[in-house]
1. Would you kindly give the portion of the calculated P(r) for the protein assembly as shown that falls above 31 Å, as a percent of all Cα pairs?
2. Please compute the contact order of chain B in relative form: average sequence separation of alpha-carbon pairs under 8 Å and at least six residues apart, divided by the residue count, as a percent.
3. Just want the ordering: B:317, B:239, from fewest to most Cβ atoms lying within 10 Å of their own Cβ.
4. For chain B, find the longest principal axis of its Cα atoms and tell me its angle to the long axis of helix B:233-246, 0 to 90°, nearest 10.
5. Using a 7 Å offset from the Cα along the Cα-to-Cβ direction at both residue A:78 and residue B:130, what is the distance between the two label points in nm, to one decimal?
6. Provide a whole-number value for the mean count of partner chain Cβ atoms within 10 Å of the Cβ atoms in peptide A:88-99.
7. Tell me what the protein assembly as shown gives for mean residue ellipticity at 222 nm when only DSSP H runs of n ≥ 4 count, each as -39,500 (n - 2.57), the sum divided by the residue total, rounded to 500 deg cm²/dmol.
8. Please order B:378, B:81 by the number of other Cβ within 10 Å, starting at the fewest.
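Every number here is computed from the coordinates shown, using simple stated rules; none is lab data. A quick note: this is a predicted structure, and the numbers were derived from the prediction, not measured. Don't worry about glycine lacking a Cβ; one is built from the backbone with ideal geometry, like all the others, and counts go over all protein chains shown.
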């Protein structure tokens, strides 16, 4: 029996604004949007036209759910690709710098 | 030189400051690449939205959804209730936009004409029944009962003009003798009401006239002229002359959207009104209509990085968001209501460039939802989608009347 205490492997942290950091945030945004989409929040964006998602829902509730969906949608469609591109650019620079 | 630059990056990335700097530069570059490219993922050929002949894919999908609404009573009830909670006018306008759309669709796609006629008759008959049973206030916003109409007996040009256009559209697709006296009665009533106003305009709400409804009335008159050989051309010319004199915003040259019976402006030039007004005016005075469209495009049309939209107010007339404009996104000045109407203007005046940009914005921010060959925009509602359908198919009815004009 091996009774030596193995040190807990340290959780690798992705450096702030590093390629891995951008990639992780990008995937997180996409995952959050997917969850909101699968939860059916898209219907609540009807509040933009001044209507509720359905008769039993108040306009306030539609507004809250709809806003959450829109923020996550913009996160996925606008912010996530920018983060992904940033990760790609940083990786390319690193590679180019190593070769240099 | 590049080698030295990368070496410098390599050294810097070990320090926090260097890493932050690299990250920020990458973010800035990525933003500069992505934002101008975003529209490529939403821009389609204009034919995807609107085609010169036949029906575009989007028109077919939007129509399929609306036809289902009118064949499934439970679904229709749910949709109409959803809108009536906010605005009873939308229930009415959802009907009128759909009937006008079906008339144009019937001319574009004669094979489906009988299906369209069945739905058109169903909508018209139910609308007339509701108006008869509950009175005109059923389709008006509650403040209609807060005051009394100046011209008595009270009538709303909002209802009369659009019902007249529904009846005429149906008859233009295929004659229905029962509707002929109904159309005559509406048109005669509208002319009488408008003649009693000091500037040839009639009220939609108590002492509140809308250019939208007055121009819709002119369009209905021209449709009756086409169908029944009446002649309202002198009245129409007088109305246009009066509007140029009394209803034109001096700063933009655009017709104001609402005014008192005596012509005092209530709301100035408005995106949710002028695009449709220009479309109606085509039947009254083609040159004036094109002039109004060009001015609206200059003052309210917006385009940026492949996306297009409409503002609600020109820079020279600032107003707030209202039930017609929908929410207005500040800075970019995006009005959902005005942008929806801009589709109709762009479609009517063959402005494919603007229409392509509008359609890209719609697909980006309207949250389309497709199911079983049907399309709806989640951010919209039944009246919004019906207006989009009308923008996608309008044309054949107007062209017939324009060609027949003396």
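1. Values: 63848 of 127765 pairs.
Roughly 50 percent, once rounded to a whole number.
2. On the way: 614 pairs, mean separation 80.2, N = 406.
The normalised contact order for chain B reaches 20 percent.
3. Numbers: B:317 18, B:239 24.
Fewest-to-most Cβ neighbours within 10 Å comes out as B:317, B:239.
4. The two axes meet at around 50 degrees.
5. Rounded to a tenth, the inter-label distance reads 3.7 nm.
6. Values: counts 2, 9, 10, 1, 1, 8, 5, 1, 6, 11, 2, 2.
Averaged over the peptide's residues, the number is 5.
7. Working: 19 runs with 298 residues, N = 506.
Calculated mean residue ellipticity at 222 nm is -19500 deg cm²/dmol.
8. Values: B:378 20, B:81 14.
So the residues, fewest neighbours to most, are B:81, B:378.
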